[in-house]
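In what follows, a structure is listed as structure tokens, so that the remarks can point back to it.
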Amino acid sequence: MTTGKQDNHERHQHSLPSADSTFEVSLKRFRNDSLVRTLLESLAEGVVIIDRSRTIVLANAQAEKMFGYESNELIGKPHVVLVPEHFRTRHQEHEAGYFNEPKIRPMGLNLELSGARKDGTEFPVEISLSFIHSVDGLLVMAFISDISVRKRAEEGMKAANAELARSNKELDLFASVVSHDLQEPLKTITSYTELLALKYRERLDQQADIYMKFMLESTEHMKVMITDLLTYSRLGTRAKPFGPVLMGGVVDLALESLTQSLQEAGAEIEREELPEVAGDQMQLLQLIQNLIGNAIKFRKKETPVRIRISAQRQGNDWLFGVHDNGIGIAPRFSIEIFDVFRRLHTRQEYQGSGIGLAICRKVVERHGGRIWVESAPGEGSSFFFSLPAIGAYDGTR
Ligand code: ADP
């Protein structure tokens, strides 16, 4: 074997694949051995091999096609012909490092790499490098993928997401303005209806009293719906930046605000140790309040309410659960109950406007999480939601 001194040194340090007596790696072998050649040509990636002088010594057909060259045209050329002009200086800086520390690695990690075709056009690439100690010295093997299609799809996805965020924001703004502006005429209708009832109740006939009662109930209902819609739309328009939030503290605040109904229901609360998450404290409070509030509201008559709050780490997220022993929900409604104004009961049975869970879903989704329910009629309900763990938060939401 004719491996140089320096190559030998690198080989021992980095235990790279090496030439040995049973399989002598040489350029000749790469070029002429039919098995090696078949393997190279069968790869989906373009393969380019260069030597220490940065000269291309071999390229498979995929690489030639990708860069727009004829068969064997690349051999003998400096490898920088494959690198766009504006990227060459930076590339050469990186390259010295690759040769000094020859190990299998992706090239230009976190960089957007481009290849240059023969006609000068550019295309995005992903490259991984491998080093071979051959009898002809250290060789660098670059596996190159043309990622134009993937990049285009990613850009399309990014544009669609930005458009979705924009139109959601616009919708929130619209709902916020409309619900705000509707409050004024509604106030007028409500006060005149009240005045009418005050002055003329029991002075017209019995039917008129019933009409007045309906009108008052309906204006009250509409007021609640408009206020709820305003709250819902403001989750998007008045959102605060995320910070560290202690979920134990959030649950304390929620329980405090629900003290009266908790006492009335004789509720028993059990909670696990709750972690810190990255989020918007006010919105997380709304989330917890709505879930505990529902657990109290949809309780079984005659059964003392028991609520359990759980938390469990799952990868980069925390998975929380609010479990109750209430009336439960038929699985066929488990998705639609999170829609705006969707209710499964009349207001006579249970108070509410049907926006609580829609708020919960919007809050959780704004935090990059997911919310769902697992339940059966008469069996209690478990609402689960995920939130980003504090260390996993990348500051972009
Ligand atoms: P609201 O409480 O005003 O009805 P929500 O959006 O909070 O509105 O809930 C929607 C529906 O989901 C409720 O009407 C109820 O039927 C069902 N639901 C929510 N939470 C529970 C629960 N803990 N147990 C049983 N049903 C529930």
Breaking point among (1) crowded, with 19+ Cβ neighbours inside 10 Å; (2) part of a strand (DSSP E or B); (3) within 13 Å of the ligand (Cβ to nearest atom), for Pro388: (3)
Can Leu291 be described as within 12 Å of the ligand (Cβ to nearest atom) and either surrounded by fewer than 17 Cβ atoms within 10 Å (Cβ to Cβ) or under 30 Å from Gly378 (Cα atoms) (or both)? yes
List every residue pair whose Cβ atoms sit under 6 Å apart, with the two residues 6 or more apart in sequence or on different chains, where the first one lies in region 363-389 and is outside the structural domain of Leu164 (by TED's automatic domain parsing) and aromatic (Phe, Trp, Tyr) and the second, anywhere, is part of a helix (DSSP H, G or I) and within 13 Å of the ligand (Cβ to nearest atom). Phe383/Leu291
Please determine, by comparing only the residues of region 368-381 that are assigned to a strand (DSSP E or B) and over 24 Å from the mean Cα position of the chain (by Cα), which one is nearest to the ligand (Cβ to nearest atom). Ser381
Within region 334-367, residues loosely packed, with under 15 Cβ neighbours inside 10 Å, hydrophobic (A, V, I, L, M, F, W, C) and near the ligand (Cβ under 7 Å from one of its atoms) come out as Leu344
So which pairs qualify, if the first residue must be in region 283-297 and in the same structural domain as Val322 (by TED's automatic domain parsing), the second must be of a type in the set (Phe, Trp, Tyr) and buried (at least 20 other Cβ atoms within 10 Å of the Cβ), the Cβ gap must be under 7 Å, and the two must be at least 6 apart or on different chains? Leu291/Phe383
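Looking only at region 322-329, decide whether some residue is within 23 Å of the chain's Cα centre (by Cα), more than 7 Å from the ligand (Cβ to nearest atom) and more than 24 Å from Met225 (Cβ to Cβ). It would help to see each step written out before you state the result.
Pass one, region 322-329, residues within 23 Å of the chain's Cα centre (by Cα): 322.
From the residues that got through so far, the ones that are more than 7 Å from the ligand (Cβ to nearest atom) too are 322.
Checking the rest, the ones that are also more than 24 Å from Met225 (Cβ to Cβ) come to 322.
There is at least one residue in region 322-329 that is within 23 Å of the chain's Cα centre (by Cα), more than 7 Å from the ligand (Cβ to nearest atom) and more than 24 Å from Met225 (Cβ to Cβ).
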Looking at region 379-389, can you tell me whether even one residue there is more than 20 Å from Ala254 (Cβ to Cβ), hydrophobic (A, V, I, L, M, F, W, C) and in contact with a strand residue (DSSP E or B) (Cβ under 8 Å, 6 or more places away or on another chain)? yes
Looking only at region 174-210, how many residues end up being of a type in the set (Asp, Glu) and either assigned to a helix (DSSP H, G or I) or touching a Leu at 6+ places or on another chain (Cβ under 7 Å) (or both)? 4
Return the total of residues in region 298-345 being among the acidic types (Asp, Glu), outside any helix (DSSP H, G or I) and without any contact (Cβ under 8 Å) to a residue 12 or more places away in the chain. 1
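The values are calculated or read from the model by the stated rules, or taken from the named source; none is laboratory data. Please read these numbers as outputs of a predicted model, since none were measured by experiment. When we count neighbours, we look across all protein chains shown, and the Cβ atoms used for this are built from the backbone with ideal geometry, even at glycine.
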